[in-house]
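**Student:** Below you will find the structure I want to go over with you.
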Amino acid sequence: NPSSSSLTQNSVVPELPGFYYDSEKNRYFRLLPGHNNYNPLTKESIQYKAMECKRLRLLEEEEKQKKKTTRAGLNSSMLLQKRQLGLLSSTSYCRLVHELKVNCMQRRKIEIHSPDSSVAGTNNFKIIVADVACERIFTVNDVEHGGCKYGIINLSGLGKESLTVEMYDNLYFTNRKVLEKSLFSLTHFSKLCLMGIAETPGCASLLPASLFSSTNPGDRPGMLCSFKISTAWSCAWCLNPQADNCFSTGLTRRVLVTNVVTGHRQTFGTSSDVLAQQFATQTPMLYNGCRSGEIFSIDVRQRNRKGQSWKAIRFFHDSAVTSIRLLEDEHYLMAADMAGKIKLWDLRTAKCVKQYKGHHNEYAILPLHVNEEEGLLTAVGQDCYTRIWSLQDAHLLRTIPSPHPSSKDAIPSVVFSSRLGGSRGVPGLLMAVKQDLYHFSYN
């Protein structure tokens, strides 16, 4: 009964199967099983409308700078006073200052220049990944005729008022299609990329930075080194001196470790698809996250063994593991799954010690970004929101809405660092979504 006032007075409206209650019109509407041209009122359209209204409201609040401190009583003057009185260590002081700065980051659009291509800014960003020093950004962009193109962005212009970056494309690889976001591992000297071609099996390719015109325009595509590997889900490059010529690929029910110099391969059979991988740097250990929710480690110095006896550490999530990140001391491992759970595991006891709440994921392979020096954890959810947590106590510091409407093909890709552009770079967050690149700078 639309004239009834009890529905508007009560905070909880009775839910009727097959009907939707509109709080503005104070009445129920029938839900249709699918889309209809005359009455497109479906559950999906209602959810999308609600999400879009929330996103626009948050964007408006950000523009008006209606921000509150993430913790009660936390401000810069209070932190400085405690630091001068010796109540805060230098590490704690720096971490709390980063929390304050992250909460006040302001969004600015970056102008992209490309001396090698006349179509800069016309292709959608698929992935952005920073090198170890955060001096350059490796990019993957969609192209009109299908597949992807690869490039490098020089971040030296971020410190200027013009806020421009230079993007250099490598047009030799535009016919290849990237499989997943997690199929990239960046080192100082090369890029290890897993690429898939629609008509042929996948391959793992080493793309040296010299292939891009930003470093040496005279290089030829013959520098490309490819390894044919089918049914690949993930990859990782080893930086440990005992196996620094090796990389690993997570395949369907097995792990393949390849030496790029000798071509020698080691195969480890698993009971599930391997969706995430990372090598340790202090020991030659490889950590793997599986579709079954299992996380296990492998000592790559040992030879192939049958069965599961070679697994050194084992623990489980309740859903498929999509991303894993080792902390610097390598006693802890961060893992995210397809249920939206982000957990910090103690590798010495194989127990979960912290859980970071608020992340949203249902089926996508989404990366985690851990910045230990700043004490921050960053992740982009399937709902296109970028969330930043405190590493120390798992407190959600900020939720950043996407500048574009939420959709499956518009999930932002981000990079965070306190030194974007190198040792003298600027702090902040880079966000690539659709054709645009944004910089969230410290105020």
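**Student:** Wholly within region 389-436, which strands (runs of 3 or more DSSP E) include no fewer than the required count, namely at least 2 residues that are farther than 20 Å from Leu59 by Cβ?
**Tutor:** So the answer is 413-420, 426-433.
**Student:** Would you point out which residue out of Tyr356, Tyr385 is touching a Phe, Trp or Tyr at 6+ places or on another chain (Cβ under 6 Å) and among the aromatic types (Phe, Trp, Tyr)?
**Tutor:** After applying the criteria, what remains is Tyr356.
**Student:** Give the residues of region 351-388 that are free of Cβ contacts under 8 Å to residues at least 40 places away in the same chain, open to solvent by 40 Å² or more (accessible area, probe 1.4 Å) and outside any strand (DSSP E or B), sorted by residue number.
**Tutor:** Lys357, His360, Glu362, Tyr363, listed by residue number.
**Student:** So, in region 3-21, how many residues would count as being touching a helix residue (DSSP H, G or I) at 6+ places or on another chain (Cβ under 9 Å) and modelled with pLDDT of 75 or more?
**Tutor:** So the answer is 3.
**Student:** Further, regarding this structure: Any idea which of Ser402, Ser417 is within 19 Å of Ser92 (Cα to Cα) and either buried (at least 21 other Cβ atoms within 10 Å of the Cβ) or under 13 Å from the mean Cα position of the chain (by Cα) (or both)?
**Tutor:** Exactly one of Ser402, Ser417 is within 19 Å of Ser92 (Cα to Cα) and either buried (at least 21 other Cβ atoms within 10 Å of the Cβ) or under 13 Å from the mean Cα position of the chain (by Cα) (or both), namely Ser417.
**Student:** For the structure I just gave you, tell me whether Arg325 is assigned to a strand (DSSP E or B), touching a residue at least 40 places away in the same chain (Cβ under 8 Å) and open to solvent by less than 20 Å² (accessible area, probe 1.4 Å).
**Tutor:** no
**Student:** Shifting gears a bit: Does region 136-152 contain any residue that is at pLDDT below 85, under 28 Å from Ala236 (Cβ atoms), of a type in the set (S, T, N, Q) and open to solvent by 20 Å² or more (accessible area, probe 1.4 Å)?
**Tutor:** No, region 136-152 contains no residue that is at pLDDT below 85, under 28 Å from Ala236 (Cβ atoms), of a type in the set (S, T, N, Q) and open to solvent by 20 Å² or more (accessible area, probe 1.4 Å).
**Student:** Condition first: surrounded by fewer than 16 Cβ atoms within 10 Å (Cβ to Cβ), free of Cβ contacts under 8 Å to residues at least 40 places away in the same chain and out of contact with any Leu (no Cβ under 7 Å at 6 or more places or on another chain). Now tell me which residues in region 255-287 satisfy that.
**Tutor:** Asn259, Val261, Thr262, Gly263, His264, Gly269, Ser271
**Student:** Right, something else. Name the residue that is nearest to His395 (Cα to Cα), counting only residues in region 76-106 that are touching a strand residue (DSSP E or B) at 6+ places or on another chain (Cβ under 7 Å) and either at pLDDT below 85 or open to solvent by less than 60 Å² (accessible area, probe 1.4 Å) (or both).
**Tutor:** Top of the filtered list is Glu99.
The values are calculated or read from the model by the stated rules, or taken from the named source; none is laboratory data. Values in this document were obtained by computation on a predicted structure and should not be read as measured data. Neighbour counts run over all protein chains shown; Cβ positions are idealised from the backbone, glycine included. In case anyone asks, the SASA skips ligands and DNA or RNA and just uses the protein heavy atoms, side chains included. Shrake-Rupley method; radii C 1.70, N 1.55, O 1.52, S 1.80 Å.
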